[in-house]
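Derivation of every value follows stated rules applied to the coordinates shown; laboratory data play no part. Computed from a predicted structure; not experimentally measured. Cβ: placed from backbone, ideal geometry, glycine included. Neighbour counts: every protein chain shown.
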Amino acid sequence: MATAPLSPARKSAWLVLAVCIVTVVGLGSLIGGLTSAGEGDWYRNLEKAPFNPPGYAFGIVWPFLYTFLGIAAWRIWRSDAPSRNTALGLFGAQLIVNYSWSYIFFTLQLIAVGAIWIVAMIALAAMAMRAFFKIDRTAGWLMAPYMAWISFAFVLTASIWLLNP
């Protein structure tokens, strides 16, 4: 038995989903790769808290988080809610702040600014998550692991700041 082909609208929706995921994951990976290449001995030689995960953990966690964010953004994009553009604007703003953190921390080596930057990231992500929840609860929940991770990232960055005066 043959299955019916996807309608053009459904094909378009799946294409947008793929673009959302590839864009969010791809930009995050690109920026992470560019900024971590410059970290060298500086980061390795910093004093870190005992609960600081090994470096490879970040390379495992971030692609999953970015995939969830891409799916969440896609779900909001599909919505016809009047607040859709505001929610996506908040999402985009927090993503820009997220992507720029690596440059501030690793390339410029501004630990204190990095810690403060994460506070801004958390605030924008919380606003985006709240806006997502109002439109699509699943999209809001897809941001929850990201919120937990960036909150943990703040603790890690603040501990590096305190341990390396």
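Averaging sequence separations of C-alpha pairs under 8 Å and six or more residues apart, then dividing by the length of the chain, give the relative contact order as a whole percent. Mind dumping the intermediate values first?
Numbers: 164 pairs, mean separation 47.9, N = 165.
Reported relative contact order: 29 percent.
Beyond 27 Å, what percent of the Cα pairs of region 16-163 remain? Kindly include the intermediate steps, with their values, before the conclusion.
Details: 2359 of 10878 pairs.
The answer is 22 percent, as a whole percent.
Would you mind getting me the FRET efficiency between Ser79 and Ala148? Use the beta-carbon distance for r and R0 = 35 Å, nearest 0.05.
For Ser79 and Ala148, the calculated efficiency is 0.90.
If amide H atoms are built 1.01 Å from N in the plane of the peptide, which residues on other chains or at least 5 residues away come under 5 Å of the amide H of Asn52?
Residues meeting the amide H criterion: none.
Rounded to the nearest 0.05, what FRET efficiency do Leu108 and Ile71 give with R0 = 30 Å and r taken as the Cβ-Cβ distance? Could you check? The partial results should precede the final answer.
On the way: r = 32 Å, r/R0 = 1.05.
After rounding to 0.05, the efficiency reads 0.40.
How many angstrom lie between the Cα centre of region 54-129 and the Cα centre of region 132-165?
Here the answer is 9 Å between Cα centres.
Fewest Cβ neighbours within 10 Å first, please rank Trp14, Trp149 accordingly.
Numbers: Trp14 12, Trp149 15.
By the 10 Å Cβ count, ascending: Trp14, Trp149.
With labels modelled as points extended 7 Å from the Cα through the Cβ direction, what inter-label distance (nm, one decimal) is found for Val22 paired with Leu163?
Here the answer is 4.0 nm between the modelled labels.
So what J values fall out for region 21-29 if you push phi through Karplus, 6.51 cos²θ - 1.76 cosθ + 1.60 with θ = phi - 60°, rounded to Hz, Gly and Pro as x?
Taking θ as phi minus 60°, the curve returns 5, 4, 5, 5, 5, x, 5, x, 5 Hz for region 21-29.
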